[in-house]
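The values are calculated or read from the model by the stated rules, or taken from the named source; none is laboratory data. Small disclaimer: the values here were computed from a predicted structure and weren't measured. Here Cβ is always computed from backbone atoms with ideal geometry, including for glycine, and neighbour counts include all displayed protein chains.
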Amino acid sequence: MTMLEIKAVGKSFPGVRALSGLSMTVAAGEVVAFVGENGAGKSTLLKILSGDYRLDQGQVLLDRVEVSHASPLEARRAGFRLVRQEPEIVPDISVAENVFIGEYPCRSFGRVDFGAVRAEVMALLTRYGFAGMIDIDADGRSLSPAQMHIVEIMRALKPGVKVVAFDEPTSSLTSDEVDRLFALIRQLKAEGLGIIYVSHRLQEVMAISDRVIVLKDGVPTGDLVTSETTENRIVSLMVGRELIHGFKRLETTRDEVVLEVDGLSSRWHRDIGFKIRAGEILGFGGLVGAGRTELAKVLFGEYPRTAGRVRLLGMDVDIRSPADAIRASIGFAPENRKAEGLILVRSVIENASMAIYSRLARWGVLRNTWMIDAVGPVIRQLNVKTPSLNQDVGKLSGGNQQKVVLARWLAAGPRLLILDEPTRAVDVGAKAEIYRLIDDLAKQGMAIMMISSEMPELLALSDRIVVMRDGRLSRSIEKKDATEEVIVAHALGTGAAA
């Protein structure tokens, strides 16, 4: 039985054709994966289905009834539910209230029946195996990322659901949490729901989906049975060419020490010490919670250190704020680019110029034309796909947003660049471009500290790899000795593979 049918759907924005002639189906009890480069149209389709956008052409039928979702609430009531990549949690209300926000059951005279809310949420948590993993009375602000994801999932699975779409659902999950998510998807499949799975992680797509629909520039280029295709075939349809797997770079390290950390301690760290030389990419591996992101933020001045020395280009530096770090010639591209790396309602050119505002301003005045002259060539060099340099950066795809963050630091030219998960939620085509950019920056003599949870990325780009565990450096591994087994062993504290 067909649960969702899309017929010749089209959607355009000024200067951009986001979707053109898309037709596809999702059957009850079927998992259909959508893949494509950033900007291929995946997010646009999800926003049409979830009521955020109105389609320009075509039809959408849900359970054989044509729907025209005028709002997200109308879409949810019709039975289409979206599990967003970044959960939207209200910090001052409980888990139970967050699950039902905007759709509270009411008693007479419009009074909310909070008893019914709690009972319904507890029933959902029990049914889907999450009972005991989250306190339904806890405030939203107290939740871990995984618990926020549970709230987002429970919102989607309230009564009346027919089709569930998961948008990059594993981007912030551990391997155990991914396994639990996949078990849930299989349960939903067995219950007869239609499921859409959007991910850049092709291994996951191959593991969980029944079919794969490939989009390129808003046009479907393939509708494949997963068991009858390969990752290489999918990539070829996505980007129009075969990508070279296993990116390798030649060592470009120079003698000059750019960053030297000695005995650094903080709330999260104890006795951290390492060096990064000019032209070197020092990779940081470890499990979630090992302290890697916190170390990056200490070095960039967002978090305080309690002890130790930091030397930059042979000089002691006392960095107490990001402004201090930028003046000291340190750049930082954070993991959560939307919340910490960009101002989404400001333009591409403003975001890309932020690190050099003081350099561009004259007598306290900063003109748009000055920013365009200074940073426009860098944005073009990085092939940022945007209708205009004055486009709000929040309207770009994830890969292009990440390029804007990198353009900021390429324009500023720091001696040390800290990259935290530089290709998180970025498609394979944009990922290859970002790899080449990082490699080029190292060749130019920039020292790079790169945090990554993707083993192939860590092994391909790093000249050396430092493994962190429980706020300490567990091991420094030379490139010739680095393997996934060695990294994992030291991340776990066994050291068996050393």
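Before moving on, here are some points about what is shown:
- Residues satisfying the criterion are absent from the stretch 462-481 (criterion: buried (at least 16 other Cβ atoms within 10 Å of the Cβ) and closer than 27 Å to A40 by Cβ).
- Against the test of being in contact (Cβ under 8 Å) with a residue 24 or more places away in the chain and crowded, with 24+ Cβ neighbours inside 10 Å, the options P387, P422 yield a single qualifying residue, P422.
- Extreme residue, nearest to G413 (Cα to Cα), among residues of the stretch 447-462 that are under 16 Å from the mean Cα position of the chain (by Cα) and among the small types (G, A, S): S452
- Residue in the stretch 222-251 that is modelled with the lowest pLDDT, counting only those that are among the hydroxyl-bearing types (S, T, Y) and assigned to a loop (DSSP other than H, G, I, E, B): T230
- Filter result (of a type in the set (G, A, S) and part of a loop (DSSP other than H, G, I, E, B)) within the stretch 127-146: G129, A131, G132, A138, S144
- Residue match in the stretch 252-272 (condition: within 30 Å of D427 (Cα to Cα) and at pLDDT below 90): yes
- Some residue of the stretch 468-475 being in a helix (DSSP H, G or I), touching a residue at least 40 places away in the same chain (Cβ under 8 Å) and out of contact with any Leu (no Cβ under 9 Å at 6 or more places or on another chain): no
- Restricted to helices (runs of 4 or more DSSP H) entirely inside the stretch 311-409, those with at least 3 residues that are among the hydrophobic types (A, V, I, L, M, F, W, C) and assigned by TED's automatic domain parsing to the domain that holds S453 are 322-327, 348-353, 368-381.
- Single match in R292, R346, R320 (criterion: under 30 Å from P145 (Cβ atoms), of a type in the set (K, R) and crowded, with 18+ Cβ neighbours inside 10 Å): R292
- Restricting attention to the stretch 303-318, the residues that are in contact (Cβ under 8 Å) with a residue 24 or more places away in the chain and out of contact with any Leu (no Cβ under 8 Å at 6 or more places or on another chain) total 5.
- Boolean, L193 is more than 20 Å from the chain's Cα centre (by Cα) and surrounded by 22 or more Cβ atoms within 10 Å (Cβ to Cβ): yes
- The single condition among (1) modelled with pLDDT of 90 or more; (2) within 23 Å of T25 (Cβ to Cβ) that S68 does not satisfy is (1).
- Filtering the stretch 369-382 for residues that are within 20 Å of the chain's Cα centre (by Cα) and modelled with pLDDT under 85 leaves a non-empty set.
- Against the conditions (1) closer than 22 Å to G279 by Cα; (2) touching a His at 6+ places or on another chain (Cβ under 6 Å), G471 satisfies every one except (1).
- Count - residues of the stretch 29-47 that are in contact with a helix residue (DSSP H, G or I) (Cβ under 9 Å, 6 or more places away or on another chain) and closer than 15 Å to A165 by Cβ: 7
- Filter result (over 29 Å from S236 (Cβ atoms) and of a type in the set (F, W, Y)) within the stretch 384-438: W409
- Contacts under 6 angstrom Cβ, first residue in the stretch 21-34 being more than 15 Å from L188 (Cβ to Cβ) and in contact (Cβ under 8 Å) with a residue 12 or more places away in the chain, partner surrounded by fewer than 18 Cβ atoms within 10 Å (Cβ to Cβ) and of a type in the set (S, T, Y), 6 or more apart: T25/T2
- Odd one out for K480, checked against (1) out of contact with any Lys or Arg (no Cβ under 7 Å at 6 or more places or on another chain); (2) in a helix (DSSP H, G or I); (3) touching a residue at least 40 places away in the same chain (Cβ under 8 Å): (3)
- Filtered residue count, the stretch 393-411, keeping only those that are farther than 11 Å from G39 by Cβ and of a type in the set (G, A, S): 3
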